[in-house]
There are 2 protein chains.
Amino acid sequence: MLIIGERINASRKSIAEAIECLDTDVIKNEAKTQVEAGADYIDVNAGTFPRKEAEYLQWVIETVQEATDYPLSIDSSDPDVIKTVIPFVKKNLIINSISLEPARLRGILPLAAEYRAKVIAICESEDKIAETTKDKLRMAHQLVESVTKEGIPLNDLYIDPLVYPLATNDQSAMATLDAIEVIMKEFPGVHTTCGLTNVSYGIPNRKLINRSFLTAAVTRGLNSAILDPTDTQLFGALKAALLVAGKDEFCSEYLAAFRKGRLK
Amino acid sequence: MLIIGERINASRKSIAEAIECLDTDVIKNEAKTQVEAGADYIDVNAGTFPRKEAEYLQWVIETVQEATDYPLSIDSSDPDVIKTVIPFVKKNLIINSISLEPARLRGILPLAAEYRAKVIAICESEDKIAETTKDKLRMAHQLVESVTKEGIPLNDLYIDPLVYPLATNDQSAMATLDAIEVIMKEFPGVHTTCGLTNVSYGIPNRKLINRSFLTAAVTRGLNSAILDPTDTQLFGALKAALLVAGKDEFCSEYLAAFRKGRLK
């Protein structure tokens, strides 16, 4: 299970403030805390600063890389930003993300190939929202085709079927869960990943729904997630889900987390 | 989702003591509390008193029926006990349970037909433990055949694929989850149910694993469970799982539970 720590995101007020003040301590601390909490990758996002996104993101990248050797997930929807900052990123990075939007495909895939980056690919296009399993699978096929055509191995592809809020479509989580299962079967070697917060948008006690969705997704084959590893209840739910999914031989990861007092 | 409240079980010390002292208050209180907490059926079990099981179970049945109009799930592995107590049970009961053991099939199915009872049927036989999905499905087929041959409608059948402890077989939960999905597809109208505690036997923080397993099972089609509805975290996990599973139109059950302060 590849955990991408989501906390260094400019949509969070404390992060936006730290970026604006170039407060390295806050950013370094967020990076270290997430690594200690179990993140495999540190996501970095400065997307709320439209004109200064590349400049700020480069500073965040350099700051995080001073704090930890753990690899980064470079999070931007702007291909030009990715292109500007990618030379500053150490090896083994993730690009977060491409979609079927032609500008993102054309702008980012050659960079991913050149830098041998892993790629998160979202089942989304400019003109169509993929709400049903069928639509998500159709887009997954198109993404796989585009990525492999560029010479990027399937093993570096992380497909995010994109879950929509349950508040507006009560079948949205099931459509995503079914898509995860089929994608993992149809494309051996490919990975699936998912952000968790969309699913609970507009409903109270969101974290309970996020945990429930993550649990179900892991038992369908999800093998990566973009989440906050310092959220103790979410982390406990993830460890229990991996155990239930038969992905924790001899319960060893679960027991290690228990001994560290991390199962709530 | 049919919730069978499991608390009135003589394997619990407080219940065994109440039964021995014929303490009606304890039993009535357990019945009422579970109904208030959302149970649809009240399970009653006096199985730890081998020679006095029928006598004690009859007393428990009469006591619970004085406390509530909610229907009962009569829980015994002994066909003779079921036969003795069933005339004292009000309509709409569940018999918990049959298995492929010939004595239980022969002893209980005619009673179930006569009293138009719902039946919980466990994927278990005398000589074989059904650890794999394939074995569970084979037994489910045999159970469906036996039950329908007796004239009991599929709609009254609750198949329990029987989950084994993850501590001894790390694929046991997945085998059960896959079985639930296939059973619900292969036999339209049939129900699936499950006890939750087996899965976590021998592992610390059992309730976390039980919640995780229930969550995954509900998103595979499980539409009944034998559980403690007064366990707030488990109840919250169930409501969230139903929402994620697309079985809570307009999030109305989830929101109602939230307003009552029951989502933890």
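The values are calculated or read from the model by the stated rules, or taken from the named source; none is laboratory data. Since the structure is predicted, the reported quantities are computational estimates derived from the model, not experimental observations. As a convention, Cβ positions derive from the backbone with ideal geometry for all residues, glycine included, and neighbour counts pool all protein chains shown. Surface areas here come from the heavy atoms of the whole protein model, side chains and all, with no ligands, DNA or RNA. Shrake-Rupley method; radii C 1.70, N 1.55, O 1.52, S 1.80 Å.
Residues that are in a loop (DSSP other than H, G, I, E, B), closer than 30 Å to A:Ala257 by Cβ and among the aliphatic types (A, V, I, L, M) do occur in the range B:200-212. The single condition from (1) modelled with pLDDT of 95 or more; (2) facing chain B (nearest Cβ under 8 Å); (3) touching a helix residue (DSSP H, G or I) at 6+ places or on another chain (Cβ under 9 Å) that A:Leu255 fails is (3). Could you tell me which numbered condition A:Leu93 fails, if it satisfies all but one of (1) crowded, with 17+ Cβ neighbours inside 10 Å; (2) more than 20 Å from the chain's Cα centre (by Cα)? Condition not satisfied by A:Leu93: (2).
Checked against the criterion of being of a type in the set (Lys, Arg) and open to solvent by less than 40 Å² (accessible area, probe 1.4 Å), the candidates B:Lys247, B:Lys239, B:Lys264, B:Lys207 yield just one match: B:Lys239.
The single condition from (1) open to solvent by 30 Å² or more (accessible area, probe 1.4 Å); (2) over 19 Å from B:Ile42 (Cβ atoms); (3) in contact with an Asp or Glu (Cβ under 9 Å, 6 or more places away or on another chain) that B:Thr168 fails is (3). Against the definition (under 21 Å from B:Ile61 (Cα atoms) and either open to solvent by 60 Å² or more (accessible area, probe 1.4 Å) or touching a strand residue (DSSP E or B) at 6+ places or on another chain (Cβ under 8 Å) (or both)), how does B:Glu145 come out, yes or no? So B:Glu145 fails the test.
Just one of the listed residues (A:Gly236, A:Gly246) is facing chain B (nearest Cβ under 7 Å), without any contact (Cβ under 8 Å) to a residue 60 or more places away in the chain and not in a loop (DSSP other than H, G, I, E, B), namely A:Gly236. Looking only at residues of the range B:148-163 that are of a type outside the set (A, V, I, L, M) and open to solvent by 40 Å² or more (accessible area, probe 1.4 Å), we find that the one that is nearest to the other protein chains (Cβ to nearest Cβ) is B:Asn155. Of the residues making up the range B:172-202, those that are of a type in the set (Val, Ile, Thr) and open to solvent by 10 Å² or more (accessible area, probe 1.4 Å) are B:Val182, B:Thr197. Of the residues making up the range B:164-204, just one is at the interface with chain A (Cβ under 7 Å from one of its Cβ atoms) and either more than 17 Å from A:Ala245 (Cβ to Cβ) or in contact (Cβ under 8 Å) with a residue 60 or more places away in the chain (or both), namely B:Pro204. Exactly one residue out of B:Thr219, B:Thr168 is hydroxyl-bearing (Ser, Thr, Tyr) and under 20 Å from A:Ala237 (Cβ atoms), and it is B:Thr219. For the range B:219-231, the count of residues that are closer than 30 Å to B:Thr133 by Cβ and in a helix (DSSP H, G or I) is zero.
Scanning the range A:1-13 for residues that are closer than 29 Å to A:Glu249 by Cβ, open to solvent by 20 Å² or more (accessible area, probe 1.4 Å) and in a strand (DSSP E or B) yields A:Leu2, A:Glu6. Residue-level analysis places B:Thr219 outside the set of residues that are surrounded by fewer than 18 Cβ atoms within 10 Å (Cβ to Cβ), of a type in the set (Ser, Thr, Tyr) and over 15 Å from the mean Cα position of the chain (by Cα).
Residues that are open to solvent by less than 10 Å² (accessible area, probe 1.4 Å) and modelled with pLDDT of 95 or more were ranked within the range A:125-142; the one that is nearest to A:Leu2 (Cα to Cα) is A:Ala140.
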